[in-house]
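Participant: Just passing along the structure, written as structure tokens.
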Amino acid sequence: MSQVLSIKNLKASVAGQEILKGLNLEVPQGEVHAIMGPNGSGKSTLAKVLAGHEDYEVISGEASMDGEDLLAMEIDERSRAGFFLAFQYPHEIPGVSIANFIRAARQARLGKGDELDAVAFYKEMYGKMDELKIDRSFTGRSVNEGFSGGEKKRLEILQMMMLEPKYAVLDETDSGLDIDALKIVAAGVNAMRSPQRGFLVITHYQRLLDYIVPDVVHVLYKGKIIKTGGKDLALELEEKGYDWVIQEFADKEVAVEA
Amino acid sequence: MNQDTATAEAVNINQDVGDFSFPEDYAYDAGTGLSEKTVEYISGVKKEEKWILDFRKKALKIFEGKPLPTHWASKDLENIIFNDIRYYLAKGQQPTRSWDEVPDDVKETFERLGIPEKERKFLAGVEAQFDSEAAYSNVKVELEKEGVIFVNSTEGLREHPEIFRKWFGKVIPTGDNKYSALNSAVFSGGSFIYVPPGVKVKHPLQAYFRINAENFGQFERTLIIVDEGAEVTYMEGCTAPKFETATLHSAVVELVAMPNAKIQYITVQNWSANVFNLVTKRAVAYENAEVRWIDCNIGSRLTMKYPGVVLKGRKARGEVISIALANDGQHQDTGAKMIHAADETTSNVISKSISVGTGRSTYRGMVHIPKHLKGCRNNTECDALLINANSRTDTYPAITVKGNQHVTQHEASVSQVSEEQIFYMKQRGLNEAEAMSLSVNGFVNDLVREFPMEYSVELKRLIDLEMENSVG
């Protein structure tokens, strides 16, 4: 079985409106792919559909992870199977400490009757918090409650590091970050890059891709991938905007129809 | 083994553990129904003095004369058939001091609930009541030497009338409400505690109430007197197996905190879903005394309980911290009463309730500060969490403050576990029940910290179990 996050002709709607209109994408293990696109092109919808959010309805198409049908799994099963979503707007969980939350998530990955080794767990978590320059006192704070934008995003990366997914989707992780926080977050992601892991980085701005250098860049427009290229494509988009890609795509569509 | 597991194992009470019963074999049985004969029977078995029998008979009259409080409370009260209930069941046991002397089936019951083990681990004294009478009662020798009395109330009445009689029925008069009158007529068991001046009992005293028989009414009567400058923490746990028909638990608990005394009274109840739990709990606090009720209500068909403090002396402090979880078909009607009766008294009420499925939680609070007093303070906070769309919560805070030299503050909130929050947690690999459970634990977290470690671990486990069962 090929080791790949594979999306085939995916169509999905939210509140009766079709947003993804036949999306095709493959992120092989070991690669970092970026998805860019103008507002409203369906970037965040893709992230939510892959994670299994119930407000999003899959109309047709496939999504699989190393051959396993993602769409047939419950939200939590996808997570335990190795799918991770770093949220654009991470949710607050009042009264639940970061340590307890991550611990519960780790515990959920163990067999029935197996206990997490608390000492080893804290040691590991403190090490990763140090890497992400998160103060150790944060372990006792409620998840995302009263956090700044930058703190929330760093906590997302901490969770990703602690859960060691096979495939991670980062949904506009750069939004709301100043340059220092961006560098820390990028360093965290880069440290996780490995031949055994695939990343899909959703972003609006090229800036993030200076720090997390992608292998492949895709342009998403009106629910479809309309162009795929190397990392230089991101720079080109930054410089020239999206209009030329959209025009190029429209010309091609016309050519096909004719 | 980590600390959490070790403690959880040390305090092994959960619903599944509690769901068993032994065949009934009682030497004393007052039969079903309630009449003067029932009262005479109970009093006779206990060989009580005449004043107690008179007290009971008078209470029975008051009970019969009082209407059900359904003009303000749940109509479900009408479903208690007083004539179908058995009011006194006992094996004829005298409470023993040695675990070995406890009858085998009773011993097995409490062993399965972890009672003697708990006593060895961290309690200063323990009393275990099986249906109507105490089966086991023990207090550590060093406390006895200091003059601490911890016995069941039957023994308290018999052996210590000089202390008992002075306070018995004084904090909660017989006619306070229909169920306190019922308890006063047929009471049996419960704890009697006296802590002499200046004695600070370091470890908690604990009582355990266990209903074993079907159609049974448990009516324990507890009286705790803590003399000047003395301190005690008392914890009670309650369970019953799951019977088909309704069971009634109607206790009266009176606390007396003399000047500068401190009492902390902790309840973790885990009744099965057919128990009517109608309990009257009140304390009186004299000058600079402090009374804290920490009350956790899980299970039962209907619980009505409003622990109160009468703040009778200057600078007395009263506090009620409560957590209620109403699962499918259950109604937790709980709250607090704070009666300010002296200057500079303070009261604090913090209540959190969780309603699951068709569960209903009601907060009823009463705070009374009269005009002639100065410098009183009250803080009331009640927060409700609704799990499902058909869950229900009501809040009836009645705060009467007269005069303008007081400070009161009231906050209430109702929240729902948001779908986005659950989605977020599931994306990290938690299933529906685990996510719900973590949210609910987070909601009550700041209150659970007030519980002793052993009980907070237990409470977390009970919440996990309730959420697991409700999500299915």
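The values are calculated or read from the model by the stated rules, or taken from the named source; none is laboratory data. From a predicted model like this one, the values you see are computed outputs, not experimental measurements. Using ideal geometry, Cβ is built from the backbone for each residue, glycine included, and neighbour counts are taken over all protein chains shown.
Participant: With A:V49, A:V32, A:V27 as the choices, which residue is touching a His at 6+ places or on another chain (Cβ under 6 Å) and either among the hydrophobic types (A, V, I, L, M, F, W, C) or away from chain B (no Cβ under 14 Å) (or both)?
Facilitator: On the way: A:V49 fails: touching a His at 6+ places or on another chain (Cβ under 6 Å); A:V32 fails: touching a His at 6+ places or on another chain (Cβ under 6 Å).
Testing whether each residue is touching a His at 6+ places or on another chain (Cβ under 6 Å) and either among the hydrophobic types (A, V, I, L, M, F, W, C) or away from chain B (no Cβ under 14 Å) (or both) leaves just A:V27.
Participant: Moving on. Would segment B:152-167 turn up any residue that is under 19 Å from the mean Cα position of the chain (by Cα) and part of a strand (DSSP E or B)?
Facilitator: For segment B:152-167, residues under 19 Å from the mean Cα position of the chain (by Cα) and part of a strand (DSSP E or B): present.
Participant: Search segment A:62-94 for residues being within 16 Å of the chain's Cα centre (by Cα) and in a loop (DSSP other than H, G, I, E, B), and hand back the single one that is farthest from the other protein chains (Cβ to nearest Cβ).
Facilitator: Residue satisfying both the conditions and the ranking: A:Q88.
Participant: Can you pull out the residues in segment B:187-235 that are part of a strand (DSSP E or B) and of a type in the set (K, R)?
Facilitator: B:K200, B:R210, B:R221
Participant: Further question: Collect the residues in segment A:145-177 that are modelled with pLDDT of 95 or more and more than 24 Å from A:D210 (Cα to Cα), keeping them in residue-number order.
Facilitator: Matches in segment A:145-177: A:M162, A:L163.
Participant: Considering only segment B:51-94, state which residues are under 16 Å from B:L248 (Cα atoms) and of a type in the set (G, A, S).
Facilitator: Hit for segment B:51-94 is B:S74, nothing else.
Per-residue answers, yes or no, for (1) surrounded by fewer than 16 Cβ atoms within 10 Å (Cβ to Cβ); (2) acidic (D, E):
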{"site": "B:V414", "(1), (2)": "yes, no"}
{"site": "B:S418", "(1), (2)": "yes, no"}
{"site": "B:Y424", "(1), (2)": "no, no"}
{"site": "B:R428", "(1), (2)": "no, no"}
{"site": "B:L438", "(1), (2)": "no, no"}
{"site": "B:F443", "(1), (2)": "no, no"}
{"site": "B:L447", "(1), (2)": "no, no"}
{"site": "B:V457", "(1), (2)": "no, no"}
{"site": "B:E468", "(1), (2)": "yes, yes"}
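Participant: Further question on the same structure: Return yes when A:N9 is among the polar types (S, T, N, Q), modelled with pLDDT of 95 or more and at negative phi and no when it is not.
Facilitator: no
Participant: Still on this structure, please answer the following. If you check B:A230 against the conditions, is it more than 22 Å from B:A324 (Cβ to Cβ), over 12 Å from the mean Cα position of the chain (by Cα) and not polar (S, T, N, Q)?
Facilitator: So B:A230 fits the description; yes.
Participant: Need the failing condition index for B:L53 against (1) in a helix (DSSP H, G or I); (2) at pLDDT below 80; (3) surrounded by 13 or more Cβ atoms within 10 Å (Cβ to Cβ), just the number.
Facilitator: (2)
Participant: From the set of residues in segment A:134-145 that are within 14 Å of another protein chain (Cβ to nearest Cβ) and assigned to a loop (DSSP other than H, G, I, E, B), which is surrounded by the fewest Cβ atoms within 10 Å (Cβ to Cβ)?
Facilitator: A:E145
Participant: When you go through B:S188, B:S180 one by one, which is the residue that is within 22 Å of B:E40 (Cα to Cα) and at pLDDT below 95?
Facilitator: Checking each option against the conditions leaves just B:S188.
Participant: Among residues belonging to segment A:100-113 that are surrounded by fewer than 18 Cβ atoms within 10 Å (Cβ to Cβ) and not basic (K, R), point out the one that is farthest from the other protein chains (Cβ to nearest Cβ).
Facilitator: Filtering first and then ranking leaves A:G111.
Participant: Here's something else I'd like to know. Show the residue pairs meeting these rules: Cβ distance below 6 Å; 6+ apart or different chains; first residue within segment B:319-344 and under 21 Å from B:D464 (Cα atoms); second residue among the charged types (D, E, K, R) and part of a strand (DSSP E or B).
Facilitator: Going by the 6 Å Cβ cut-off, the qualifying pairs are B:S322/B:D295; B:I323/B:K352; B:A326/B:R360; B:H331/B:R360.
Participant: Are there strands (runs of 3 or more DSSP E) fully within segment B:243-309 with at least 3 residues that are surrounded by fewer than 22 Cβ atoms within 10 Å (Cβ to Cβ)? List them.
Facilitator: B:262-271
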